[in-house]
Amino acid sequence: MKQYVKRCMSIFFIITLASCLACAKKQVKDDTTAMQPPAGTAAEQPEAMQEGVLEESDLGSKEFKEITEDEAELRTVFKDIHFDFDDFSLRPDAKETLNGIAEWLLKNTATQILIEGHCDERGTNEYNLALGERRAKSAKKYLVQLGLAPKRISTISYGEEKPLDPGHTEEAWAKNRRDHFLIR
Amino acid sequence: MKKCYFVALLVILAICTGQGAGHAKVYIDIYSPSSSRLPIVIPAFKNMGSRSDTRSLAANMPRVIRDDLEFSGFFKILDPAVLDEALLRGLTRNEIKWDSLSIIGAEAIITGGFSYKKNKKITAELRLFDAVQGRFITGKKYEGTVDDYRLICHRFSDEIFKKLTGADSVFNTKIAYVKDIGAKKDLHIMDYDGKNSKQITWYGSLTLSPAWSPDGEKIAFTSYKNGNPDLYVKEIYTGNVKNISRKKGINIAPSWSPDGKKIALTLSLNNGNSEIYTVDLTSGKLVRLTHDWATDVSPAWSPDGKKIAFVSSRSGTPQIYRLTLKTGKVKRLTYEGNYNTSPAWSPRGDLIAYAGLAGGTFNIHVVSSDGTFSNQTTFAGDNEDPAWSPDGRFITFSSTRTGRKEIFIMRADGTGQKQITSGRGEKSDPAWSPLLGR
């Protein structure tokens with residue numbers, strides 16, 4: 001019996017080695033080559049070619065532009081508005097800024113705006129994406145109440161992904177909890 | 001093809017004879033709460049070939065296995081320095097002096113040898129012995145490139161874990177995460193120990209929230225690559241990308257149903273009020289699950305597919321809730337603190353990990369899925385984005401405790417915390433792969 005067991009063991013060992021030699025070899029290769037990125041931009045090639053259905057997306061938000069340093073008048077109108085932590089209600093100072101923006105837009109009827117909702121870095125980025133969305137929508141809703149056509153106002157949330165101030169202080173966070181305005 | 005059958009037959013034979021010879025012994029009872037650690041010694045590997053050990057495999061290979069086994073929490077790694085080299089003349093049973101192993105208290109020993117071949121290839125032979133009985137437990141031979149030496153070691157660690165516990169290990173799993181370089185975020189995938197990291201998206205935009213499909217072949221994520229935060233699924237091994245949701249507003253926070261047929265996600269549509277939906281990946285059909293004016297976000301499917309945990313601010317502050325899909329009944333699970341987010345449902349079903357804010361910092365907590373019990377597992381820096389290992393024994397998360405945001409792993413009870421990333425860029429949002437097919 002003992003000898004039988006011993007023999008089984010040695011057979012087992014040889015077989016394990018043999019079978020592993022056969023499969024491990026290939027597997028080891030498979031695993032590591034699979035995720036090699038194709039060089040350069042070619043990496044994205046399969047998407048376009050193999051997707052089959054047309055991909056349509058709204059490039060609208062890419063068309064808006066930042067207000068530059070020399071556009072002094074615009075800069076005084078389209079100031080960032082700020083929010084309290086985990087809050088999307090409009091503070092009195094925010095409403096004041098929005099009143100000015102509405103007034104300007106009612107005079108300059110060809111201009112459209114994009115409102116970006118932002119959050120500070122605290123909290124989960126998913127929750128902050130939802131919060132940023134609400135911050136942008138809060139401002140839009142207020143502007144619509146002041147008589148602006150909804151289609152002139154686009155919104156996008158960046159959550160905590162694009163901080164204005166990269167610091168980790170209450171001062172930086174307060175700056176980052178904002179709606180930011182772009183125009184076209 | 002014939003050869004395949006032959007190999008398969010041999011494997012079956014091996015399993016039969018293996019069990020016949022008493023291989024079913026469980027050395028470590030991983031389900032026992034008081035399970036003690038198995039003392040194991042892993043001496044330096046031997047260079048069996050004629051070429052020189054240019055990659056220091058003699059030291060590096062055993063280190064990978066030691067780190068694997070140590071992190072599992074079921075092994076006590078003995079210092080191989082106490083072992084007299086002379087006691088180990090070779091790799092096989094007859095070449096080990098068994099008496100000396102019992103003196104240092106080793107109950108198991110791993111021997112390994114390697115040799116360098118042509119074209120950067122190596123072969124390695126690894127064996128595990130029961131040091132108390134002087135008995136061979138398992139042995140494997142591997143061939144691969146020298147760059148694959150970690151993979152070979154993880155494979156064997158997995159083999160050891162299986163043989164000694166009867167359960168699968170996480171040693172061959174991967175972690176997807178987000179790396180932030182120059183305000184651009186892309187997805188990367190690395191081994192569970194943080195090594196061998198590879199970039200898998202190159203959008204140069206904001207790409208967030210990776211979520212593995214249950215089969216481990218696809219990753220769902222949100223990206224701004226076309227302007228709006230839309231939801232995509234990428235097949236990791238083919239590179240194909242498919243847009244899953246591009247509604248107005250946010251299309252974020254994917255969580256796969258356990259059968260892989262649906263994805264739960266968060267949409268805000270026109271009015272900015274985010275709600276939880278599911279999308280059927282075949283038909284594209286959307287089903288709305290939450291109806292509340294408050295923010296509802298971050299769904300996490302239960303492993304049985306019957307419930308979804310999510311974040312809602314319906315009580316005034318973000319808290320973790322649990323929705324039963326059949327009845328639509330919602331139960332609040334967290335009451336401590338004013339900011340609890342990022343639920344992750346354990347693959348075993350009994351626990352939900354989340355990030356909670358208290359005293360100005362975020363930490364990872366674990367709450368039982370019925371809400372009756374809760375436990376804080378991290379205590380330094382800001383800790384967020386918890387995700388479970390597929391066996392439910394470990395949690396990966398991001399932490400700022402060393403300054404920059406890095407990825408960590410730990411046992412589910414908070415022990416064994418280990419930083420696994422370093423270098424350029426903030427890393428966040430880790431997602432642990434399922435057990436990956438071979």
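One compactness figure for segment B:130-188 is 1.67, namely its Cα radius of gyration divided by 2.2 N^0.38 Å.
Can you tell me how segment B:112-240 classifies by the Cα gyration tensor, rounded, prolate or oblate, using a/c under 1.5 as the rounded cut? Display every interim value, and only then the final one.
Working: a/c = 3.41, a/b = 2.16, b/c = 1.58.
Prolate, since a/c reaches 1.5 and a/b exceeds b/c.
If R0 is 25 Å, the Cβ-Cβ spacing of residue A:91 and residue A:162 corresponds to a FRET efficiency of close to 0.75. Using the Karplus relation 6.51 cos²θ - 1.76 cosθ + 1.60 with θ = phi - 60°, the per-residue 3J(HN,Hα) values for segment B:383-388 come to 10, 9, 6, x, 8, 8 Hz, with x marking Gly and Pro.
Treating r as the C-beta distance of residue B:162 and residue B:413 and R0 as 25 Å, the FRET efficiency rounds to 0.65.
Sequence-distant contacts, meaning Cα pairs under 8 Å at least 6 residues apart, place the relative contact order of chain B at 9 percent.
Extension gain for the segment residue B:361 to residue B:81, taken as residue separation times 0.36 nm less the Cα-Cα distance, is 96.6 nm to one decimal. Each label was represented as a point 7 Å from its Cα along the Cα-to-Cβ direction; for residue B:26 and residue B:291 these points are 4.7 nm apart. Take each residue in A:129-142, count the other chain C-beta atoms within 10 Å of its C-beta, and the mean is 6.
Separation of the alpha carbons by more than 18 angstrom is noted, of A:141/B:248; B:174/B:195; B:225/B:247; B:118/B:174; A:162/B:242; B:174/B:234, for B:118/B:174; A:162/B:242. Full extension of the chain segment joining residue B:92 with residue B:56 gains 10.8 nm, where the gain is 0.36 nm per residue of separation less the Cα-Cα distance.
Taking 0.36 nm per residue of separation and subtracting the Cα-Cα distance, full extension of the segment from residue B:183 to residue B:198 would add 3.5 nm.
Other residues within the sphere of radius under 13 Å centred on the Cβ of residue B:305, judged by their own Cβ, net out at +3 (K and R +1, D and E -1). Cβ-Cβ distance of residue B:235 and residue B:370, R₀ of 41 Å, FRET efficiency by 1/(1 + (r/R0)^6): the value works out to about 0.65. Rg over Rh for chain B works out to 1.01, using Cα positions for both radii and the Kirkwood form for Rh.
Put a dot 7 Å past the Cα of residue B:436, heading toward its Cβ, do the same for residue A:65, and the two dots end up 4.6 nm apart.
Here the Karplus relation 6.51 cos²θ - 1.76 cosθ + 1.60, evaluated at θ = phi - 60°, turns the backbone of segment A:92-108 into coupling constants of x, 5, 5, 4, 4, 4, 5, 4, x, 5, 4, 4, 5, 5, 5, 8, 10 Hz, with x for every Gly and Pro.
Working from Cα pairs under 8 Å separated by at least six residues, relative contact order for segment B:289-388 is 19 percent.
Readers should treat all values here as calculations from the given coordinates under stated rules, not as data from a laboratory. A quick note: this is a predicted structure, and the numbers were derived from the prediction, not measured. Cβ atoms come from the backbone with ideal geometry, glycine included; neighbour counts cover every protein chain shown.
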